[in-house]
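Down below is the structure, laid out as structure tokens.
The values are calculated or read from the model by the stated rules, or taken from the named source; none is laboratory data. As the structure is a computational prediction, the values presented were derived from the model and not from experiment. When we count neighbours, we look across all protein chains shown, and the Cβ atoms used for this are built from the backbone with ideal geometry, even at glycine.
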Amino acid sequence: MAKRHAKTWFRHGNWWRRLKNNRKYRDVLFRYLFREKKDLLELYNALNGSTYSEPDDLEVVTMEDVIFMKMKNDLSFIIGNTLNLYEHQSTWNPNMPLRGLLYFAQQFEGLLASRDDDIYGTSLLRLPTPVYIVFYNGGKMQTDNLILYLSDSFSAGRGSGCLECTCEVLNINRGYNQALMEKCHRLWEYSEFSSEIEENIKKGMNRKEAVHTAIDTCIERGILEDILMKQKAEVLHMILTEYDEKKHFRTLFREGCERGREEGREEGREELLRELIKKKWDKGKTLPEIAEDLEVEITVIQRMIENPKSGFVGNVIKNDNTNKR
């Protein structure tokens, strides 16, 4: 019974009450808030002490659906001579340097291909310097920042081997990295909004109630007011809806099968028409006669006859009343 009404529930108001909790809502919201170049540039300047003022100085090169089909939460861009990868994490993951290595490898591969560079040539190829920063607001970090190393994964430990990739993790929970928060107002707003939601949950509110209360509180305080006032429904959908990867793949598979069946039916119809045309053609009928018999446009018949794969033999047929072979 529930499935039967699944397609129409949104018509009955209070749509958000039927959405699943999104366990990764903070990751998605972070990327959403910094989707505009001006906000991303402000964050970059705050981190690096730079004074870039033109958003177009920043080139977004974020790769979608990289490595595995997931909801990507990273922001990648080139500015100056650096290739920056910014990622948000609300759950602790010690493998972030490995993820960064795989990501940068694909980015560099694409960059070399776009420039048609030869890695076997005699000239030194120039690459932008990679920078990997993770903004973390989970509960397993009590310092402002720390550095993670790829070599910690190696059997011989940190500093061993011929590869290294570092990841700087910045704690953006309320009360941490105050200097950075003062330089980037949007980051501070995000931190406050996320903290409000989590504080409400600790008070015993369910996720939906906590989110709505946090939105009202932040609007009153002028936090993310430009987003929460104008795009409240979109933010709610983003926070409360869970991305269903299996469902996504099932949908792609079903749509692919439907397209395949339709293409098969169309191909079958064309094959049947081609056979009928050939039979009448072999009997010496003219194009207009064949078109009249089969109730098909002459141009369609001519196209099939002239197709090299059709099996017809002879000169190009002109659209006239004679059968020239």
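Among the conditions (1) more than 22 Å from residue 183 (Cβ to Cβ); (2) at pLDDT 90 or above; (3) of a type in the set (Phe, Trp, Tyr), residue 68 misses just one, which is (2). Would you say residue 261 is outside the structural domain of residue 186 (by TED's automatic domain parsing), more than 22 Å from the chain's Cα centre (by Cα) and modelled with pLDDT under 75? For residue 261, the condition - outside the structural domain of residue 186 (by TED's automatic domain parsing), more than 22 Å from the chain's Cα centre (by Cα) and modelled with pLDDT under 75 - is met.
Can you confirm whether residue 63 is of a type in the set (A, V, I, L, M, F, W, C) and either at pLDDT 70 or above or closer than 20 Å to residue 235 by Cβ (or both)? So residue 63 passes the test. Restricted to the stretch 116-164, and to residues there that are touching a strand residue (DSSP E or B) at 6+ places or on another chain (Cβ under 7 Å) and part of a loop (DSSP other than H, G, I, E, B), the residue that is nearest to residue 43 (Cα to Cα) is 144.
Look at the stretch 279-299: where a residue is in contact (Cβ under 8 Å) with a residue 12 or more places away in the chain and a partner is small (Gly, Ala, Ser) and surrounded by 14 or more Cβ atoms within 10 Å (Cβ to Cβ), sitting 6+ places away or on another chain with Cβ atoms under 6 Å, you get 298/291.
Quick check on the stretch 184-198. Is at least one of its residues part of a helix (DSSP H, G or I), surrounded by fewer than 16 Cβ atoms within 10 Å (Cβ to Cβ) and in contact (Cβ under 8 Å) with a residue 60 or more places away in the chain? Yes, the conditions are met somewhere in the stretch 184-198. Is it the case that the stretch 199-216 has a residue that's surrounded by 15 or more Cβ atoms within 10 Å (Cβ to Cβ) and of a type in the set (Gly, Ala, Ser)? Yes: the stretch 199-216 contains one or more residues that are surrounded by 15 or more Cβ atoms within 10 Å (Cβ to Cβ) and of a type in the set (Gly, Ala, Ser).
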